[in-house]
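This report refers to the structure that appears directly beneath it.
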Amino acid sequence: MTTTTPRTAALRAAALLATAVLALTACGSGDPAAGGPAGPAAADAKIPTTDVVTKVRKDPAAAKLLPKDVRERGTIALAASVGGPPGATYLPDGKTVAGQDIDFADAVGKVLGIKVTREVASFEAILPALDSGKYDVGTGNFGVTEERRRTIDFVTYINDGQGFAARKDSPLKKVTSLRQLCGLTVATGAGTTFEATLEKNRHLCTEAGKKAYDVKTYAEQGALWISLQQGRSDVVMSTINGLRYAVRQQEGLRFLNEFKRLDVGFAFKKGTPLAPAFQAAVNRLKKDGTYDRILKKWGTGPSAIKTSQISPPEIR
């Protein structure tokens with residue numbers, strides 16, 4: 001059983017905005033910022049709701065790997081970033097969260113025989129909150145990077161990474177170097193590896209004698225896509241899976257290419273004793289077929305991993 005406690009109405013509204021934008025543009029309604037009859041029913045039709053978790057059974061061997069206090073307590077506190085599908089989004093009721101991250105966390109909880117108590121939190125707040133002990137685990141499509149590995153432990157469950165999308169009228173075809181972005185405005189999520197990558201490499205443009213690209217960050221995915229549709233941004237840098245999902249729903253946009261692959265995992269405070277149990281649970285899901293069913297539900301088959309790992313080196 002999963003308990004979800006959204007922190008604020010604003011977070012729910014932001015996620016619903018993102019979903020509404022996808023639904024509007026998929027139906028050819030024109031400018032997504034212009035309002036109109038964007039209704040929950042339209043958004044709901046775009047979010048798969050197949051139950052792939054209920055039949056998952058407890059694995060005593062995996063559960064035995066949990067620390068004794070967690071087994072006795074029978075619950076675990078999870079912080080979830082709700083940024084948009086396929087990772088995590090709100091259903092039209094504004095309270096229920098759904099997505100690939102949600103299914104994986106719930107399925108792991110079933111394997112381990114514990115209740116997942118989920119609280120929605122902003123992406124940039126989750127990792128610091130893990131270190132403070134406020135939560136036991138976090139989800140939010142957290143890519144495993146060398147910088148993060150210094151302070152966070154990960155248990156991998158998919159492989160995703162960095163990619164680009166643009167409007168169909170963009171001259172960009174494929175981004176193989178960030179120098180191709182010189183002079184453009186790049187929209188991305190606040191506090192993400194994408195923002196860090198862009199800021200770290202801004203000097204490539206000035207060193208080449210070109211105008212540096214401008215980075216605009218957004219905490220809300222709906223605002224990010226609106227900025228691209230309205231021409232306030234030239235290109236979006238985000239997760240490969242998120243971009244592919246979004247451009248399938250929105251007219252006038254196209255996925256450019258994968259830029260860099262990253263393993264993605266559950267995030268924990270450094271030195272957590274929970275990692276071996278979560279790793280065993282993910283591998284159990286692979287063995288019983290639940291893993292593949294989750295990926296099929298969300299259309300993310302290419303993100304499958306062969307086996308779960310604990311804090312593997314960053315993919316170079």
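Using 0.36 nm per residue of separation minus the Cα-Cα distance, give me the extension gain between A208 and K174 in nm, one decimal. Don't skip to the answer; put the middle values down first.
Values: separation 34, 0.36 × 34 = 12.24 nm, distance 1.94 nm.
The span from A208 to K174 would gain 10.3 nm if fully extended.
How big is the stretch 162-261 by the Kirkwood estimate over distinct Cα pairs, in Å?
Value: 13.3 Å, from the Cα pair sum.
For the pair A304 and E251, what calculated FRET efficiency results from E = 1/(1 + (r/R0)^6), where r is the Cβ-Cβ distance and R0 = 41 Å, to the nearest 0.05? Walk me through the intermediate numbers first.
Details: r = 29 Å, r/R0 = 0.72.
About 0.90, to the nearest 0.05.
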Original post:
Quick one: of the DSSP bridges fully inside the chain, what percent are antiparallel, nearest 5?
Top reply: 55
Original post:
Any idea which of S238, V108, A98 is furthest toward the positive side of the dipole for the chain, if Lys and Arg beta-carbons carry +1 and Asp and Glu beta-carbons -1?
Top reply: V108
**OP:** Let me have the 222 nm mean residue ellipticity of the chain computed from DSSP H runs of 4+ only, each contributing -39500 (n - 2.57), with the sum over all residues rounded to the nearest 500.
**Re:** -10000 deg cm²/dmol
Original post:
Quick one: if you stick a label point 7 Å off each Cα along the C-beta vector at K296 and T54, how many nm between them?
Top reply: 1.8
**OP:** Express as a percent, rounded to the nearest 5, the fraction of DSSP beta bridges in the stretch 162-261 (both residues included) that run antiparallel.
**Re:** 60
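Subtracting the Cα-Cα distance from 0.36 nm times the residue separation, let me have the gained length for D93 to T75 in nm, one decimal.
My answer for the length gained is 3.9 nm.
Report the full-extension gain for the segment I315 to T185: residue separation times 0.36 nm, less the Cα-Cα distance, to one decimal in nm. The partial results should precede the final answer.
Values: separation 130, 0.36 × 130 = 46.80 nm, distance 2.70 nm.
Roughly 44.1 nm would be gained on extension.
Based on the alpha carbons, how large is the Rg to Rh ratio for the chain when Rh follows Kirkwood? Numbers along the way, then the final one.
Numbers: Rg = 19.3 Å, Rh = 19.9 Å.
Result: Rg/Rh = 0.97.
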**OP:** List the residues whose amide H sits under 5 Å from the amide H of T185, counting only those 5 or more places along or on another chain, with H placed 1.01 Å from N in the peptide plane.
**Re:** D214, D234, V235
**OP:** Could you tell me, in Å, what Rg and Dmax come out for the Cα atoms of the stretch 88-221?
**Re:** 18.0, 58
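Where a number appears in this text, it was derived from the coordinates with a stated rule and is not lab data. On a predicted model such as this, the values are computed, not experimentally measured, just so you know. Glycine also receives a Cβ, built like all others from the backbone with ideal geometry; neighbour counts cover every protein chain displayed.
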